[in-house]
């Protein structure tokens, strides 16, 4: 496997006693700037430290606008024109368009281009959002009132009627 992937083991220092037990494989030796070991107090193995020329870049947060824009489209609609959309995607000369771009620029371009194509051929999803303005405590009281009212319909019990009237009084005081 190591030969198939053209990898090379770069650790030539002992990592436990006089033996090299810890290995580090790479297929790009140019990124390795140094290999060293350090003794630790918690183990008889030495700590293997591999220094690279790679620089740390913090993760870039994607604002999610691309994802949310795709989520506003109804890809399951019967009015979806798959043939036209496939043709529009095929017409784009991706190699030419993505030439000389960084991976982040490529990602942004692809998302932007696909969103534009989708906006032409994929119908928008219908959004049904209903935000309740009723406070939680009132909802609980209203739910109790409904359950007690249903019980009253099925049997005549004065205790249940009292509970229902108490709940209705509480609701009347709040509103």
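The values are calculated or read from the model by the stated rules, or taken from the named source; none is laboratory data. Computed from a predicted model, the values in this text were never measured in an experiment. Counting neighbours? That spans all protein chains shown, and the Cβs are built from the backbone with ideal geometry, glycine included.
Overview of values
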read-out: Cβ-Cβ under 6 Å pairs, at least 6 apart or on other chains, the stretch 99-114 side in the same structural domain as residue 87 (by TED's automatic domain parsing), far side assigned to a helix (DSSP H, G or I) and surrounded by 12 or more Cβ atoms within 10 Å (Cβ to Cβ); value: 106/98; 111/66
read-out: Residues satisfying the stated conditions in the stretch 82-96, i.e. farther than 16 Å from residue 115 by Cα and either touching a residue at least 40 places away in the same chain (Cβ under 8 Å) or assigned to a helix (DSSP H, G or I) (or both); value: 83, 95, 96
read-out: Residues of the stretch 13-29 classified as assigned to a loop (DSSP other than H, G, I, E, B), touching a strand residue (DSSP E or B) at 6+ places or on another chain (Cβ under 8 Å) and either over 23 Å from residue 40 (Cβ atoms) or without any contact (Cβ under 8 Å) to a residue 12 or more places away in the chain (or both), total; value: 1
read-out: Residue 167 at pLDDT below 85 and part of a helix (DSSP H, G or I); value: yes
read-out: Number of positions in the stretch 1-12 that are in contact with a helix residue (DSSP H, G or I) (Cβ under 7 Å, 6 or more places away or on another chain) and assigned to a loop (DSSP other than H, G, I, E, B); value: 1
read-out: Any hit, the stretch 124-138, residues being assigned to a helix (DSSP H, G or I), at pLDDT below 85 and exposed (fewer than 13 other Cβ atoms within 10 Å of the Cβ); value: yes
read-out: Test: residue in the stretch 143-163 that is surrounded by fewer than 10 Cβ atoms within 10 Å (Cβ to Cβ), modelled with pLDDT under 85, out of contact with any strand residue (DSSP E or B) (no Cβ under 9 Å at 6 or more places or on another chain) and within 30 Å of residue 89 (Cβ to Cβ); value: no
